[in-house]
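*Asks:* Once you've had a glance at the structure underneath, I'll fire off some questions.
The values are calculated or read from the model by the stated rules, or taken from the named source; none is laboratory data. The structure displayed is predicted, hence computed values, not measured ones. All Cβ positions, even for glycine, are placed from backbone atoms using ideal geometry, and neighbour counts span all protein chains on display.
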């Protein structure tokens with residue numbers, strides 16, 4: 001009887017390596033998908049490219065997001081990924097950029113779907129070993145004339161602009177490589193909203209000891225009070241979008257402080273920014289800025305040069321740090 005050849009392959013594990021012994025035979029080799037992906041990544045249609053830098057933009061199929069992707073295609077040295085909830089619209093945006101001579105790639109990412117977030121994070125970890133630039137741009141806003149009850153507006157707006165963006169950050173922050181840049185697209189409305197909150201809320205939102213958990217609790221408190229019709233009595237203004245962006249700006253400051261503490265030598269810079277009042281489907285046709293003009297500050301923060309130490313944990317508008 002002919003003896004079958006044995007081959008051992010060392011597979012990276014959470015701690016050390018696992019040695020997998022494969023016995024060659026005439027039969028095809030069947031392995032669980034995740035193990036096959038780790039042993040033979042190319043066989044799963046995924047070619048690893050750990051040395052190439054990669055930038056990821058959420059909500060990138062239109063408006064400011066698309067303008068950010070367009071600018072990164074021209075200025076960023078690496079691969080640029082346009083992500084969007086809708087596959088067809090995302091791929092159409094990539095095709096549109098291609099017609100301009102700009103190369104981008106598409107990855108589906110619905111920030112309101114934790115499975116979609118996990119799938120996208122796993123993709124970038126497997127293909128690139130992490131992410132160099134993350135720009136959280138995806139957001140929603142109700143029109144001023146919208147008659148949707150404020151309680152619904154509060155819940156839906158906070159769900160996407162704060163809680164879902166927080167979910168993206170939770171999944172992607174461990175993937176940010178040394179020297180990476182994280183940009184959260186907030187709004188000048190966050191400052192206006194902050195100033196209209198009660199003194200107690202203002203104090204907490206400006207405090208350097210506010211935790212992520214406390215902040216999330218305050219955002220949920222706003223939603224709960226809005227649903228009960230008690231948000232004004234509780235010290236909140238009638239501005240669901242503004243509250244969501246106040247939360248995002250404060251979250252950016254919290255995460256920046258955490259980076260400084262936990263990864264002090266990695267040179268990662270994380271900031272929130274205001275693109276300005278931009279002509280988009282969300283902001284309307286009367287805004288003074290074009291999407292390309294709105295992309296200037298987010299792209300500036302995404303491309304801060306290697307070795308830069310500031311800004312970090314700041315709110316930036318027109319490429320200038322703003323008081324908070």
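*Asks:* Select from region 59-109 the residues that are more than 18 Å from the chain's Cα centre (by Cα), in a loop (DSSP other than H, G, I, E, B) and either buried (at least 24 other Cβ atoms within 10 Å of the Cβ) or free of Cβ contacts under 8 Å to residues at least 24 places away in the same chain (or both) and list them in ascending order.
*Replies:* 101
*Asks:* Of the numbered conditions (1) in contact (Cβ under 8 Å) with a residue 60 or more places away in the chain; (2) under 21 Å from residue 317 (Cα atoms), residue 196 satisfies every one except a single condition; which is it?
*Replies:* It is condition (1) that residue 196 fails.
*Asks:* Does residue 237 satisfy the criteria of being within 19 Å of residue 143 (Cα to Cα), in a loop (DSSP other than H, G, I, E, B) and modelled with pLDDT of 95 or more?
*Replies:* The answer is yes for residue 237.
*Asks:* Kindly indicate whether any position in region 263-276 is buried (at least 18 other Cβ atoms within 10 Å of the Cβ), on the phi > 0 side of the Ramachandran plot and in the same structural domain as residue 143 (by TED's automatic domain parsing).
*Replies:* Yes: region 263-276 contains one or more residues that are buried (at least 18 other Cβ atoms within 10 Å of the Cβ), on the phi > 0 side of the Ramachandran plot and in the same structural domain as residue 143 (by TED's automatic domain parsing).
*Asks:* Quick check: is even one residue across region 121-135 in contact with a helix residue (DSSP H, G or I) (Cβ under 8 Å, 6 or more places away or on another chain) and surrounded by fewer than 17 Cβ atoms within 10 Å (Cβ to Cβ)?
*Replies:* Checked against the condition, which is being in contact with a helix residue (DSSP H, G or I) (Cβ under 8 Å, 6 or more places away or on another chain) and surrounded by fewer than 17 Cβ atoms within 10 Å (Cβ to Cβ), region 121-135 yields at least one hit.
*Asks:* Can you pull out the residues in region 270-321 that are within 19 Å of the chain's Cα centre (by Cα), modelled with pLDDT of 95 or more, assigned to a loop (DSSP other than H, G, I, E, B) and closer than 18 Å to residue 252 by Cα?
*Replies:* Answer for region 270-321, where residues must be within 19 Å of the chain's Cα centre (by Cα), modelled with pLDDT of 95 or more, assigned to a loop (DSSP other than H, G, I, E, B) and closer than 18 Å to residue 252 by Cα: 303, 304, 311, 312, 313, 314.
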